[in-house]
Amino acid sequence: MKNTSEYPEKKIYRGHLEENLYHTLMNHCNGEKKDVKDLFEKFPEIIPILINILEHSKKPKDITEIETTTIISKISEKIFAACGIITTSPLIIASIISIQIEAAIQSKQSSIIEKLKILFSHNPIFTQKRITKGGKEFSIYKLKTMENNEVTNVGEILRKLSFDEFLQFLNVLKGDIGIMGARPIPQDEINNIANDKLKAFYTQEKAGISGLSQVLLGQKAEDFVNVKALLHAFEERYASSYLLMYILLKSIPGQRKKGEY
C-alpha cells in the first residue's frame, strides 16, 4: 500500500465518495499521482460512474472466493457467448450474404459466371493475429469490412452497427478472450506502447470483447494511455456482474463512442 503522505497537498476530489475513489485508485489499482490526477481533471464526467461501479462491486475476501468468482465468471461468459452466437446468427448470415453480393458486384470480372464464382468463393471472414493473457497469440474473427484497403459500403454499415464484431463470441467460446477486458491488439502494436503498465495489461491479463476504457473514453483512450491503463486496473480489481452488465449495455450498437471499432 502506498504511503498516504505521497498524496498531493491540493485535493482534486470533492466529498467523501470522490475521496474514497481517489484512495482506491492510488492504493488498490497501482495508480500513480499523475495518472489519477489526469483521470479526475480531464475526465470528470466519468467519476460518478466509477463511484457507482465501486459501490456495486464486492471485492473477494480470500483466495478461495477469488477462485470461485473466477470459475463462475468463466462459465457465465461461455453461456453468454453461446447465447450471443445463437441470437445473432440471423444477422451474421444476412451480413455474410451482403458481403458476398457486394464483392461479386464490385468485381472487375464482367461475365456472370465469374461473378457467381466470386459470390460463392469469396471469403467473408477476416482473421488477424492478436495477443492475449500470457503473451499468447490467437486468431481473432471478424466479418470482413474492407477490400483492397478500403472500407466497403456493407463494411461501413457493419462497423457502424458493430455487427462485424459478433463473430468474436466464437473467440470467447474457444477461450481466447473473455467478454470483459482490454481489446486484444497485434504484437507489433504492443511493442510500440511506451506505458509499461498498459503494455503489461495487454500481455498479462486476458483480453476481452469490450472494456471499461472503451465505453468510457472511446477514441480518447489512445491519447491518454496512462488513464486507459488505470481503468484497466480498476476493471480487473473490481470486476463484478454489475460492471459486466454495464459494459455490455454500453457496447450495444448505437451506444459506443465515435471511433470505437
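Every number here is computed from the coordinates shown, using simple stated rules; none is lab data. A quick note: this is a predicted structure, and the numbers were derived from the prediction, not measured. So basically every Cβ, Gly included, is an ideal-geometry build from the backbone, and we count neighbours across all protein chains shown.
Numbers below:
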| quantity | calculated |
| --- | --- |
| Hits in the range 99-124 - residues which are exposed (fewer than 12 other Cβ atoms within 10 Å of the Cβ) and either part of a strand (DSSP E or B) or not aliphatic (A, V, I, L, M) (or both) | Lys108, Ser110, Ser111, Phe120, Ser121, Asn123 |
| Residue that is surrounded by the fewest Cβ atoms within 10 Å (Cβ to Cβ), among those in the range 157-179 that are among the aliphatic types (A, V, I, L, M) and part of a loop (DSSP other than H, G, I, E, B) | Leu167 |
| Residue match in the range 81-94 (condition: free of Cβ contacts under 8 Å to residues at least 12 places away in the same chain, within 20 Å of the chain's Cα centre (by Cα) and either part of a strand (DSSP E or B) or loosely packed, with under 13 Cβ neighbours inside 10 Å (or both)) | yes |
| Residue match in the range 222-232 (condition: outside any helix (DSSP H, G or I) and either buried (at least 16 other Cβ atoms within 10 Å of the Cβ) or at positive phi (or both)) | yes |
